[in-house]
Amino acid sequence: MRARWWGTGAVVAAAVCGTLVVQGVSGGDSGHDGKAAAAPVRDRVRSAALDVRGDGAGATLARQDTKPFSMLGVSWEKPSARLAGKVEVRSRAVASGKWSDWLLLDSDRGAGEQNAARGGTEPAWVGLSNGVEARIDGKRTAKLPTGLRLDMITAGGKSTAGDAEPAAYVADGPDDTQEPVASETPDGTPDPTDVTTTDPAPPEETTAEPSATESSTEPPAESPSASESTGNTGPTESASPSDSASPSPSMSVPTAPRSTVPRPPITPRSGWKADESISPEAPAYIDGTIKAVVIHHTASANDYTCAEAPSMINAIYTYDVTGLGWKDLGYNFVVDKCGTIYEGRKGGVDLPVVGAHAYGFNSQTTGIAVLGTYVDSPPPMAAMASVARLAAWKLGQYGVQPDATVTLTTALSGQNLAGRTWEPGEEMTLPAIHGHRDGYNTVCPGDAFYAALGTVRTLAAGPVTGLTLGTVTGTGTVGTTPYTNGPLTVSWSATTPASLISSFQVLVDGKTAATVAGSATSAKLTLPAGTHKVQVKAVHQSGRTATSATRTVVADTTAPTFTTKPNLALRTGTVGTAAVPLTLGWKAADNVSLKETRLTAPLAKTYGPTVTSAALTAKSGAATAWALRAYDTLGNSASASVTGTPVILQETSAARTGTWTAKSSSSYLGGKSLGSSTKNASLTWTFTGRSVAWVVSRASTSGQADIYVDGTKLTTADLKSSSTAYRNALWTKTWPTSAKHTLKIVVRATAGRPAITTDGIVYLK
């Protein structure tokens with residue numbers, strides 16, 4: 001059936017490349033789940049005839065005030081007529097009162113809907129406006145089409161203009177007349193801007209020649225062929241539920257084939273509140289298979305919010321059906337810049353519905369349009385990823401690889417943007433995912449988007465791109481090799497959006513050790529001991545895989561060892577009852593890399609991997625346990641300890657020979673000491689321990705003494721010091737194990753400084 005242009009409907013915007021849309025008000029009927037949706041919002045349409053110049057090659061609409069509207073476009077009587085010239089419009093915004101720049105409308109839309117009522121430019125969604133101006137600069141060699149008018153659409157329902165009152169519906173003009181007829185305002189007075197014309201009856205044959213007043217004609221609308229019949233029995237697999245209004249029970253509906261890839265989320269027509277009453281004609285189905293996907297942009301402004309997308313789609317739908325007399329929205333699917341996919345033309349998203357989007361190729365393709373203009377920059381990745389998912393799913397229903405080339409048979413003569421021409425019946429080889437400009441002389445889908453179609457094909461077909469193995473946490477690095485001693489986390493990144501990735505697998509030595517969802521960016525696993533090669537494999541929804549570079553990871557749970565057990569030895573220094581100087585010694589090693597050794601008791605200190613001793617002090621007369629823990633780079637650790645008791649033996653406990661004089665001072669151990677200047681005077685101590693130190697007082701006049709251990713002279717000690725020192729451990733000796741020993745000192749009576757003063761000894765037991 002032929003739709004009349006002035007029928008009421010939702011806010012308008014075009015359904016093929018070249019549509020300029022920002023926002024609209026939508027209506028709906030029912031959702032795919034059968035629940036009642038919000039009532040459709042009917043838009044209000046007004047038209048004003050353009051004044052054509054005397055030579056027929058130009059037309060204008062003078063700047064004028066209007067009732068509020070949001071969308072406009074220029075249309076003409078015969079859909080077969082071609083407007084050869086520049087069509088420009090501008091509008092005045094209600095909010096700011098400012099006039100926009102001149103906006104160029106595409107006058108050749110290249111869709112091809114059977115039995116369209118009028119021809120028209122792309123519509124432009126300009127936002128709420130109350131002033132308009134238009135001009136057409138045609139070619140002097142060809143006259144403009146007849147019946148030129150500016151169509152203005154006012155959104156129904158609540159207006160975004162506050163108190164601005166929507167215009168009334170346009171009244172139907174007299175039958176069979178082509179003269180403008182003024183509509184009336186609600187109070188009954190004519191509104192000079194509310195002008196419409198009735199639509200002339202379409203020619204009996206779409207190949208009819210244009211009248212003498214028209215410019216060159218475009219090829220006829222695509223006629224129904226065997227490939228467009230509704231009698232296709234389709235594959236034998238059972239159909240999934242349709243998300244749109246069901247076709248008449250009397251028509252043959254094909255069965256939806258199963259796709260080789262998952263179906264992406266698709267918002268049904270009820271989601272953009274399609275008013276199904278304005279397009280009651282049943283859908284047509286492709287007799288055969290979908291061979292290719294044609295990509296479009298709608299040429300709308302890109303600053304829309306994604307919440308406005310349903311209204312924009314409804315506007316496109318209304319323009320196609322109400323404005324131009326199409327049977328339905330031209331596109332099979334629409335995607336907004338945020339990646340939301342919407343069902344377009346009704347008939348079932350999983351069925352091969354014939355669209356009106358690709359002149360001469362509608363019966364072999366499905367059309368996907370992205371809301372926006374993508375001449376200077378491509379759509380956001382979210383949108384391109386959704387286009388890729390959708391295209392892969394539709395092509396997967398018919399066994400077509402997204403990165404394949406296909407052969408299409410031309411239904412009509414035509415020419416594409418590159419200048420290639422063809423006649424009906426010719427075969428054309430095109431990518432399975434290609435741009436509208438490949439099959440028609442249009443810039444659609446925009447230079448930047450067209451240049452990015454290779455990315456869309458790769459996204460759709462796989463494999464995953466940009467797969468990079470990232471950090472391996474839970475490890476330590478020795479040189480450039482990660483080591484681990486337990487659970488670790490392997491991370492990665494990819495440039496392919498997660499929505500197109502089925503899963504990731506972590507491979508250890510070529511075998512799957514962990515599998516996670518395509519949205520994951522890391523996985524945890526534990527490696528067995530040894531050296532391993534770790535990789536990440538990405539599985540695209542198509543089944544194609546990509547594998548990252550390998551990384552060597554060594555799993556090591558071997559703890560460090562103390563090759564020299566902790567041990568204690570007295571050292572030189574000042575002795576006090578609360579602080580006897582001693583040395584804690586050890587030696588730790590690891591099979592991979594020793595990181596550090598920590599003293600954990602009786603105090604906490606950390607030493608580097610090459611440190612093997614520490615100077616410490618301990619309280620005399622008390623057993624002190626010294627605990628050490630050695631750590632390797634991976635965190636493996638081992639502990640060891642030693643206990644020692646420093647014991648002070650006063651000088652009074654020694655066996656004496658010769659003359660010794662007692663001395664008293666708070667600077668001495670216990671407040672007393674013994675001094676002697678007698679040659680060969682001696683003191684002998686007996687003790688059981690593994691380390692001993694002789695404690696003396698020193699000054700510049702102090703003399704020397706011979707030191708004997710277990711009856712054997714070991715050395716001669718010189719007590720001379722440039723500064724006075726008390727309780728000074730002058731000499732020490734340590735044995736591997738504890739045993740009974742004697743320490744004897746003998747005064748040498750050194751000339752000029754014969755005297756020595758001793759405070760006793762300290763030993764470790």
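Across the stretch 616-692, Cα-Cα pairs more than 16 Å apart make up 68 percent of the total.
A cut-off under 13 angstrom between Cβ atoms defines the neighbours of ALA385, and their net charge, with Lys, Arg +1 and Asp, Glu -1, is +2. Each residue of the stretch 252-259 is assigned a 3J(HN,Hα), and the resulting list reads 8, 10, x, 8, 6, x, 6, 8 Hz, derived from the Karplus form 6.51 cos²θ - 1.76 cosθ + 1.60 (θ = phi - 60°), x at Gly and Pro.
Using only alpha-carbon positions in the stretch 526-623, the gyration tensor eigenvalues give semi-axes of 51, 13, 10 Å once each is multiplied by 5 and square-rooted (largest first). Convex hull volume per residue, computed on the Cα atoms of the stretch 318-470, equals 128 Å³. Expressed as a whole percent, the accessible area of the stretch 350-416 that falls on carbon and sulfur atoms is 50 (1.4 Å probe). Here the stretch 54-120 is treated as a Stokes sphere of Kirkwood radius computed over C-alpha pairs; at 37 °C and 0.692 mPa s its diffusion coefficient rounds to 232 µm²/s. Diffusion of the stretch 570-642 by Stokes-Einstein, at 37 °C in a medium of 0.692 mPa s and with Rh set to the Kirkwood radius over alpha-carbon pairs, works out to 251 µm²/s. Across the stretch 635-746, the convex hull enclosing all Cα atoms gives 152 Å³ per residue. Multiplying the residue separation of THR659 and SER377 by 0.36 nm and removing their Cα-Cα distance gives an extension gain of 90.9 nm. Among 531-539, 350-358, 302-310, sorting by the average number of other beta carbon atoms lying within 10 angstrom of each residue, highest first, gives 350-358, 531-539, 302-310. For the stretch 681-765, the gyration tensor built on C-alpha atoms gives a prolate shape. Its axis ratio a/c (a ≥ b ≥ c) is at least 1.5, and a/b is the larger of a/b and b/c. For the stretch 718-765, count all C-alpha to C-alpha pairs, find those more than 18 Å apart, and express that count as a whole percent of the total. In whole percent, the share of Cα-Cα pairs in the stretch 718-765 beyond 18 Å is 43. Dividing the alpha-carbon radius of gyration of the stretch 478-565 by the rule-of-thumb value 2.2 N^0.38 Å gives 1.30.
Here the Debye sum runs over all C-alpha atoms of the stretch 401-548 as equal scatterers in vacuum, and log10 of I(q)/I(0) at q = 0.09, 0.12, 0.21 Å⁻¹ comes out as -0.45, -0.63, -1.19. In this structure the amide hydrogen of VAL478, modeled in the peptide plane, comes within under 5 Å of the amide hydrogens of TYR483, none closer than 5 places in sequence on its chain.
Please compare each pair in LYS595/LYS765; LYS565/LYS605; LYS713/LYS740; LYS98/LYS327; LYS139/LYS337 to a cut-off of 27 Å on the Cα-Cα distance and tell me which ones are over it. Distance filter (> 27 Å) returns LYS595/LYS765; LYS98/LYS327; LYS139/LYS337. Taking the average, over residues, of other Cβ atoms within 10 Å as the packing measure, peptides 663-670, 365-372, 708-715, 432-439 rank 365-372, 432-439, 663-670, 708-715 from highest down. Kindly identify the stretch 647-700 as rounded, prolate or oblate by the Cα gyration tensor criterion: order the square roots of the eigenvalues as a ≥ b ≥ c, call it rounded if a/c is under 1.5, otherwise compare a/b with b/c, prolate if a/b is larger, else oblate. Oblate.
Local charge for GLU596 was computed over the other residues whose Cβ lies under 13 Å away, with Lys and Arg +1 and Asp and Glu -1, and equals +2. Ordered from longest to shortest, the equivalent ellipsoid semi-axes for the stretch 401-450 are 18, 16, 6 Å, each the square root of 5 times a Cα gyration tensor eigenvalue. The phi torsions of the stretch 340-348, fed into the Karplus equation with coefficients 6.51, -1.76 and 1.60 and a -60° offset, translate into couplings of 6, 9, 10, 5, x, 4, 6, x, x Hz, rounded to whole numbers, with Gly and Pro shown as x.
For the stretch 341-401, the normalised intensity computed at q = 0.12 Å⁻¹ comes to -0.33 (log10 of I(q)/I(0), Debye sum over alpha carbons, equal scatterers, no solvent). When only alpha carbons of the stretch 509-560 are considered, Rg and Dmax amount to 13.3, 49 Å.
Across the stretch 255-321, the convex hull enclosing all Cα atoms gives 153 Å³ per residue. Rounded to whole numbers, the Karplus 3J(HN,Hα) couplings from phi for the stretch 331-338 are 7, 6, 9, 10, 10, 8, 5, 8 Hz, using 6.51 cos²θ - 1.76 cosθ + 1.60 with θ = phi - 60°, and x at Gly and Pro.
Short to long, the 5 Å bins of the Cα pair-distance histogram for the stretch 477-516 hold 5, 14, 22, 25, 17, 10, 7, 1 percent of all pairs. For GLU281 and THR471, a Förster radius of 41 Å and the Cβ-Cβ distance give a FRET efficiency of 0.10, rounded to the nearest 0.05.
The values are calculated or read from the model by the stated rules, or taken from the named source; none is laboratory data. Keep in mind it's a predicted model, so treat the numbers as computed, not measured. Glycine also receives a Cβ, built like all others from the backbone with ideal geometry; neighbour counts cover every protein chain displayed. The accessibility values were calculated without ligands, DNA or RNA, using every heavy atom of the protein model including side chains. Shrake-Rupley method; radii C 1.70, N 1.55, O 1.52, S 1.80 Å.
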